[in-house]
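Let me begin by presenting the structure, written as structure tokens, before commenting on it.
Values in this text are rule-based calculations from the coordinates and carry no lab data. On a predicted model such as this, the values are computed, not experimentally measured, just so you know. We place every Cβ from the backbone using ideal geometry, glycine too, and count neighbours over all the protein chains shown.
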Amino acid sequence: MEYRVLGKTGLRVSRIGFGGIPVQRVGKDEGVETVRAAINAGMNYIDTARLYSVSEGYIGEAVEGEGLRTRVILATKHPATDYDGMKKAIETSLKELKTDHIEIYQVHNVKTDQDADKIFSFDGAYRAIKEAITEGKVGFMGITSHLIGVLDYCLNNFADKIATIMYPFNIVENQGEEMFRRAKALNVGTIAMKPLGGGNLEDTRLALRYIAEKDFIDLIIPGIGNAAEALANCAELTRLCEAEHGECERIRKELGNNFCRKCGYCLPCSKGIDIPTAFTFYNYLAKYNLKEWAVERYNSLKVKASECMGCALCEARCPYGLEIQKKLKQVALAFKSI
């Protein structure tokens with residue numbers, strides 16, 4: 001396993017980290033076994049979130065025993081933008097992860113510049129994280145988002161307070177390169193999420209090796225669902241040959257016109273549908289086999305995909321020419337049939 005320093009944190013992290021979404025779909029014993037298999041294979045960066053149901057609990061159980069806690073870097077996250085919400089989230093994460101400190105606590109999926117301003121205001125989440133850092137409960141603060149513009153805004157205005165950023169990057173979704181390079185120049189740790197494109201990229205090794213060649217990415221976080229996946233993802237990341245670069249280009253062309261990159265340009269929807277999020281939950285259902293988790297979150301949406309009125313404004317805005325109305329019907333049908 002290759003290791004790199006994660007920006008200004010100074011933490012030496014494995015090139016491939018453990019993504020804690022898929023582990024939700026297995027039982028506790030298998031979940032614990034999966035986390036431990038990843039650690040023993042060389043992964044030392046474990047990423048999860050308060051919203052990933054049992055994920056924090058499984059990870060906490062796994063690292064508590066066998067002296068593993070000292071070998072890992074724990075990172076978790078919560079979407080609270082306010083002080084009280086984040087303070088409560090941190091305490092809950094500490095309890096679930098069975099630890100007295102978390103190396104990196106991230107604000108999860110920041111959606112607007114206004115949310116970023118709120119986070120760094122007096123009553124914002126940053127104050128709660130900063131207090132936790134002073135108290136030794138948290139090491140560093142991170143930001144995650146599916147929107148380049150939001151991360152650019154954070155880098156422009158709050159780079160001195162942010163230790164890491166996380167954004168999708170893979171064979172198909174490479175629009176974040178310039179933003180990642182800016183972060184790297186600012187010594188902000190760069191983390192690539194969705195390396196398999198939400199399950200759309202089937203050749204895991206090719207996908208991971210493609211990203212590993214990018215010097216502006218410090219850390220790659222694939223979702224790990226079982227011990228076999230953990231071991232496979234820890235294999236040596238050799239450089240791609242010319243033929244493999246050609247295969248990446250073929251995949252990019254094949255998926256490029258039918259793949260939601262969650263850029264958000266389609267919004268706002270006339271009916272208020274959160275289109276990228278609806279597609280995300282559909283992928284969790286169809287690609288990750290996380291039925292209960294996907295259904296629960298889809299049902300929490302204020303406006304469902306079935307409310308699409310066919311105005312097509314979203315399709316006019318989409319820079320990738322996606323047939324969004326058709327995809328929303330597919331989402332609506334999938335969740336209706338459950």
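The helix-only estimate of mean residue ellipticity at 222 nm for the chain, built from DSSP H runs of length n ≥ 4 each weighted as -39500 (n - 2.57), is -12500 deg cm²/dmol after division by the residue total. Based on the alpha-carbon gyration tensor of the stretch 229-310 and its eigenvalue square roots a ≥ b ≥ c, which shape applies: rounded if a/c is under 1.5, prolate if not and a/b is larger than b/c, or oblate? Taking the square roots of the gyration eigenvalues as a ≥ b ≥ c, the stretch 229-310 is oblate.
Shown here for the stretch 1-47: GluC sites (Glu not before Pro) in loop regions (DSSP other than H, G, I, E, B) with at most 16 other Cβ atoms within 10 Å, namely Glu2. For the stretch 165-173, 3J(HN,Hα) computed residue by residue from phi via the Karplus equation (6.51, -1.76, 1.60; θ = phi - 60°) reads 10, 10, 8, x, 7, 6, 4, 8, 9 Hz, glycine and proline entered as x.
Remark on Ile73: its backbone amide H falls under 5 Å from those of Tyr45, Ile46, a criterion applied only to residues 5 or more positions apart or on other chains, H modelled at 1.01 Å from N. At a Cβ-Cβ separation cutoff of 4.7 angstrom, cysteine residues of the chain with no neighbouring cysteine are Cys154, Cys234, Cys241, Cys248, Cys260, Cys263, Cys269, Cys308, Cys311, Cys318. Per-residue packing, averaged as other Cβ atoms within 10 Å, sorts the ranges 104-113, 303-312 into the order 104-113, 303-312, beginning with the highest. A simple packing score, the average count of other Cβ atoms within 10 Å per residue, orders the peptides 92-102, 8-18 as 8-18, 92-102, with the highest score first. For the chain, the relative contact order is 17 percent, taking Cα pairs closer than 8 Å that sit 6 or more residues apart in sequence and dividing their mean separation by the residue count.
Ranked by the mean number of other Cβ atoms within 10 Å of their residues, highest first, the peptides 58-64, 162-168, 234-240, 291-297 fall in the order 162-168, 58-64, 291-297, 234-240. For the chain, the Kirkwood estimate of the hydrodynamic radius, built from every pair of different alpha carbons, is 20.3 Å. Rounded to two decimals, the Cα-based Rg/Rh of the stretch 275-336, with Kirkwood Rh, is 0.97.
Given the options Phe140, Pro276, His78, identify the residue whose Cα lies farthest towards the positive end of the charge dipole of the chain (+1 on Cβ of Lys, Arg; -1 on Cβ of Asp, Glu). In the chain, that residue is Pro276.
Legend: distances between Cα atoms for Lys95/Lys291; Lys28/Lys77; Lys111/Lys271; Lys161/Lys194; pairs beyond 23 Å are Lys95/Lys291; Lys161/Lys194.
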